[in-house]
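Can you keep this structure in mind? I'll have questions shortly.
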Amino acid sequence: MSTNIETVKKYNRLKNKRYYYHKLNTVKYVILGKEVNEGLLFKAFLYTIFIATSYIYLNPILKMIVNMVMSEKDLIDPTITWIPNDLYFGHLVRAWESLHYGQAFSISLLVAVSSAVFHCITCGLAGYALARLQFPFKKLVFGLLITAFIIPPQVIVLPTIIGYQKLGLDNNFVTLIVPSLLGFGVKGSLFVIIFRQFFMTQPKELEEAAKIDGASAIKFYLRVMLPLAKPAILVVFLFSFVWTWNDTYLPKMFLTDSQYLPLASEMLSLDRVITSFVEQQQMSSYEAGAVKMAASFLSLLPPLLVFVIFQRHFVEGVERTGLVE
């Protein structure tokens, strides 16, 4: 009888031991994970890095938004850092009026969208030709394309200005769109390379099947390759849009006496005007900083919204076009 009781006790102890061991393993797998990248500890470490990195990048934007809605009293008060006593939109209104925002925004949008569309058309055709077609001096053309990518725009800006003057296009914002229509310059060569890399990854069987069906190269490009190139088109469109939107060098060279300036150029003019106001003591440095931040926010908002909307597609497009390899 005593032997049976001892056996039962030993069995219960073994059962409890297995139970606690199972619970311990469960906790271990939850914290550390069966694999290194599956545990709670690793995920906590990873999210800590993500949050810290995000804060580093978002802090200037958040600071800009907070300062532009602060009154001058709150700006002077050292105890107010993130939460103002009252929301003041006077700096935003003043920046809007100083930038001639409606006119400058329309010009920037027209130039950026037009340039992006023309880059997708011309550079797509050139990239397809370099990737899939055989023609004389193909390697030489690709070498010249790489050379165009290396040459800085400052080297060719003077001949370009002279050419525009002879065409009667000086001080016309159309001069900012013409290079994209021809796939010209650093931007054009980069976008041709992006399209070329994408088209080279497509299977040759598609082209062979199209040739059997009697499709020409242009028809094959329009019917087959162009629909497949949506990731590359999106990448080129966004790159071109943001690049053109933020460009200040070419407008400064081509629109020296024009009253119709894009938003980025108006930002430069606003900075000079506000600096002169501060020097003449017509505006305090606190108010000047708030107006500049409001103007920066108005200029940054459109491309930021575009990127937020197309962020997932943009990342997928960058991966599929081979830019991360």
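The values are calculated or read from the model by the stated rules, or taken from the named source; none is laboratory data. Only a predicted model underlies this, so the values are computations on that prediction, with no experimental measurement involved. Don't worry about glycine lacking a Cβ; one is built from the backbone with ideal geometry, like all the others, and counts go over all protein chains shown. SASA here: full protein model, heavy atoms, side chains in, ligands and nucleic acids out. Shrake-Rupley method; radii C 1.70, N 1.55, O 1.52, S 1.80 Å.
From VAL278, VAL291, which residue is modelled with pLDDT of 80 or more and either under 23 Å from the mean Cα position of the chain (by Cα) or open to solvent by less than 70 Å² (accessible area, probe 1.4 Å) (or both)? Explain how you work it out, then say what you get.
Values: VAL278 fails: modelled with pLDDT of 80 or more.
Selected residue: VAL291, the only one of VAL278, VAL291 that is modelled with pLDDT of 80 or more and either under 23 Å from the mean Cα position of the chain (by Cα) or open to solvent by less than 70 Å² (accessible area, probe 1.4 Å) (or both).
Among the candidates LEU238, LEU182, single out the residue that is open to solvent by less than 20 Å² (accessible area, probe 1.4 Å) and closer than 24 Å to VAL113 by Cα. Quick ask: steps written out before the conclusion?
Working: LEU182 fails: open to solvent by less than 20 Å² (accessible area, probe 1.4 Å).
When all the criteria are applied, what remains is LEU238.
Hey, another quick one. Report those helices (runs of 4 or more DSSP H) wholly inside segment 217-261 carrying at least 3 residues which are within 16 Å of ILE177 (Cα to Cα).
Fully inside segment 217-261 and qualifying: 230-245, 249-254.
Collect the residues in segment 135-163 that are among the aliphatic types (A, V, I, L, M) and in contact (Cβ under 8 Å) with a residue 24 or more places away in the chain, keeping them in residue-number order.
In the first step, residues of segment 135-163 are kept if they are among the aliphatic types (A, V, I, L, M); the result is 140-141, 144-146, 148, 150-151, 155-158, 161-162.
Matches in segment 135-163: LEU145, ILE146, ALA148, ILE151, ILE156, VAL157, ILE161.
Among the residues of segment 113-134, is there at least one that is without any contact (Cβ under 8 Å) to a residue 60 or more places away in the chain and closer than 18 Å to ILE177 by Cβ?
Checked segment 113-134: at least one residue is without any contact (Cβ under 8 Å) to a residue 60 or more places away in the chain and closer than 18 Å to ILE177 by Cβ.
If we scan segment 139-150, do we find a residue that is closer than 30 Å to LYS292 by Cβ and at pLDDT 85 or above? Before you say what the answer is, go through the steps one by one.
Restricting attention to segment 139-150, the residues satisfying the condition of being closer than 30 Å to LYS292 by Cβ are none.
Checking segment 139-150: not a single residue is closer than 30 Å to LYS292 by Cβ and at pLDDT 85 or above.
Exactly one condition in (1) touching a helix residue (DSSP H, G or I) at 6+ places or on another chain (Cβ under 9 Å); (2) at pLDDT below 85; (3) open to solvent by 30 Å² or more (accessible area, probe 1.4 Å) is false for LEU255; which is it?
So LEU255 meets the others, but not (3).
Run down LEU298, LEU304 and say which single residue is closer than 17 Å to PHE105 by Cβ, of a type outside the set (Ser, Thr, Tyr) and open to solvent by 50 Å² or more (accessible area, probe 1.4 Å). Reasoning before the result, please.
Numbers: LEU298 fails: open to solvent by 50 Å² or more (accessible area, probe 1.4 Å).
Of the residues listed, the single one that is closer than 17 Å to PHE105 by Cβ, of a type outside the set (Ser, Thr, Tyr) and open to solvent by 50 Å² or more (accessible area, probe 1.4 Å) is LEU304.
Okay, moving on. Scan segment 78-101 for residues that are assigned to a loop (DSSP other than H, G, I, E, B) and either small (Gly, Ala, Ser) or exposed (fewer than 14 other Cβ atoms within 10 Å of the Cβ) (or both) and jot them down. Spell out how you get there, then give the answer.
Going through segment 78-101, the residues assigned to a loop (DSSP other than H, G, I, E, B) turn out to be 78-89, 99-100.
The answer is PRO78, THR79, THR81, TRP82, ILE83, ASN85, ASP86, LEU87, PHE89.
Residues to consider are LEU169, LEU176; find the one that is surrounded by fewer than 16 Cβ atoms within 10 Å (Cβ to Cβ) and either more than 19 Å from LEU222 (Cβ to Cβ) or modelled with pLDDT under 85 (or both).
Details: LEU176 fails: surrounded by fewer than 16 Cβ atoms within 10 Å (Cβ to Cβ).
None of the others qualify; the one that does is LEU169.
Can you name every residue in segment 193-208 that is under 15 Å from LEU226 (Cβ atoms) and either in a helix (DSSP H, G or I) or open to solvent by less than 10 Å² (accessible area, probe 1.4 Å) (or both)?
ILE194, PHE195, ARG196, PHE198, PHE199, LEU206, GLU207
Could you pull out the residue among SER108, SER115 that is under 30 Å from ALA217 (Cβ atoms) and open to solvent by less than 30 Å² (accessible area, probe 1.4 Å)? I'd like the intermediate steps shown before the answer.
Numbers: SER108 fails: under 30 Å from ALA217 (Cβ atoms).
After applying the criteria, what remains is SER115.
Can I ask one more? For residues in segment 164-219 being among the basic types (Lys, Arg) and in contact (Cβ under 8 Å) with a residue 40 or more places away in the chain, which is nearest to TRP245 (Cα to Cα)?
Residues of segment 164-219 that are among the basic types (Lys, Arg), as a first pass: 166, 187, 196, 204, 211, 219.
Next, from what is left, pick out any that are in contact (Cβ under 8 Å) with a residue 40 or more places away in the chain: 187, 196.
Working: LYS187: 13, ARG196: 25 Å.
Restricting to residues being among the basic types (Lys, Arg) and in contact (Cβ under 8 Å) with a residue 40 or more places away in the chain, the top hit is LYS187.
Yes or no, residue by residue, for (1) out of contact with any Gly (no Cβ under 9 Å at 6 or more places or on another chain); (2) not small (Gly, Ala, Ser):
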| residue | (1), (2) |
| --- | --- |
| PRO203 | yes, yes |
| LYS230 | no, yes |
| TRP245 | yes, yes |
| LYS252 | yes, yes |
| ASP257 | yes, yes |
| SER269 | yes, no |
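Among the residues of segment 258-267, what is the count of those that are open to solvent by less than 50 Å² (accessible area, probe 1.4 Å), in contact with a helix residue (DSSP H, G or I) (Cβ under 6 Å, 6 or more places away or on another chain) and among the hydroxyl-bearing types (Ser, Thr, Tyr)?
1
Criterion first (at negative phi, surrounded by fewer than 16 Cβ atoms within 10 Å (Cβ to Cβ) and at pLDDT 85 or above) does LYS230 satisfy it?
Numbers: at negative phi: yes; surrounded by fewer than 16 Cβ atoms within 10 Å (Cβ to Cβ): yes; at pLDDT 85 or above: yes.
Answer is yes for this residue.
Is it the case that ALA104 is of a type in the set (A, V, I, L, M, F, W, C), assigned to a helix (DSSP H, G or I) and under 29 Å from PHE195 (Cα atoms)?
Details: of a type in the set (A, V, I, L, M, F, W, C): yes; assigned to a helix (DSSP H, G or I): yes; under 29 Å from PHE195 (Cα atoms): no.
Considered against the rule, which asks whether it is of a type in the set (A, V, I, L, M, F, W, C), assigned to a helix (DSSP H, G or I) and under 29 Å from PHE195 (Cα atoms), ALA104 comes out as no.
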